[in-house]
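The values are calculated or read from the model by the stated rules, or taken from the named source; none is laboratory data. Source: prediction; values computed, not measured. Neighbour counts run over all protein chains shown; Cβ positions are idealised from the backbone, glycine included.
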Amino acid sequence: MKGLGFLNYLTIIFECIVLIVAWRFSDWRNWKKYYSTVLFVMTLSVVVSLLTYNKSLWYFAGTSFLPNHTLTDLFMVYLYYPPLILIYLSHYPFKKRLINQISYILLWTLMWAAAEVLYVLVGLNTHHNGWTIGWSTFIWFCMFSGIRLHFTRPLLTWLLCFLLTVFMIIYFNIPITELK
């Protein structure tokens, strides 16, 4: 990937866009009320990275700025997700009808699935061991639903994420007995 010019910086470009949108359109004054949900998503992402370390379901190609999968993953956990969640929750239609809330979740799911499709098409992301864009879309939907649910029902969200994680470990035959 190191010889692909602008594609080397696509992750950084997306991050800059997310940061600018977060800076301009998010509820920074009330960041503390979103903080536990940000930590929830960060924690889940790190756990998934650890569980799938020896059997990757997806892989981020190295670029000039982020030379390997692990650094790209950490970049996303610490620099991508916090402003993304702040934008998402700042504009979530909490007081609107259920159809509006579902539409909002679907919009975000489709936006991030489309970004992943772009990453796959240009070779910055690959899928492995039975993972597909369909699974990614499902997980994006679960993530955005989970962010919303965690904001008001954190214990229920932790339980549901635990169950989903167990299902994914079994379905994708993740070798957790081989973890260090």
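General observations
- Here is the figure for the stretch 120-177: residues that are polar (S, T, N, Q), loosely packed, with under 14 Cβ neighbours inside 10 Å and in a helix (DSSP H, G or I) total 2.
Let's see how each residue does on (1) exposed (fewer than 14 other Cβ atoms within 10 Å of the Cβ); (2) modelled with pLDDT of 95 or more:
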| site | (1), (2) |
| --- | --- |
| Thr52 | no, no |
| Phe60 | no, no |
| Thr63 | no, no |
| Pro67 | yes, no |
| Leu74 | no, no |
| Tyr78 | yes, no |
| Pro83 | no, no |
| Tyr88 | no, yes |
| Lys95 | yes, no |
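- Condition met for Ile17 (over 20 Å from Met143 (Cβ atoms) and either in contact with a Cys (Cβ under 7 Å, 6 or more places away or on another chain) or in a helix (DSSP H, G or I) (or both)): no
- In the condition set (1) surrounded by 15 or more Cβ atoms within 10 Å (Cβ to Cβ); (2) of a type outside the set (S, T, N, Q); (3) without any contact (Cβ under 8 Å) to a residue 12 or more places away in the chain, Ile13 is compliant with all but (1).
- Candidates are the residues of the stretch 103-128 that are within 15 Å of the chain's Cα centre (by Cα) and polar (S, T, N, Q); the one that is nearest to Ile139 (Cα to Cα) is Thr109.
- Residue within the stretch 63-79 that is among the polar types (S, T, N, Q) and touching a Lys or Arg at 6+ places or on another chain (Cβ under 6 Å) present: yes
- Members of the stretch 83-98 found to be closer than 15 Å to Phe14 by Cα and over 10 Å from the mean Cα position of the chain (by Cα), listed by number: Pro83, Ile87
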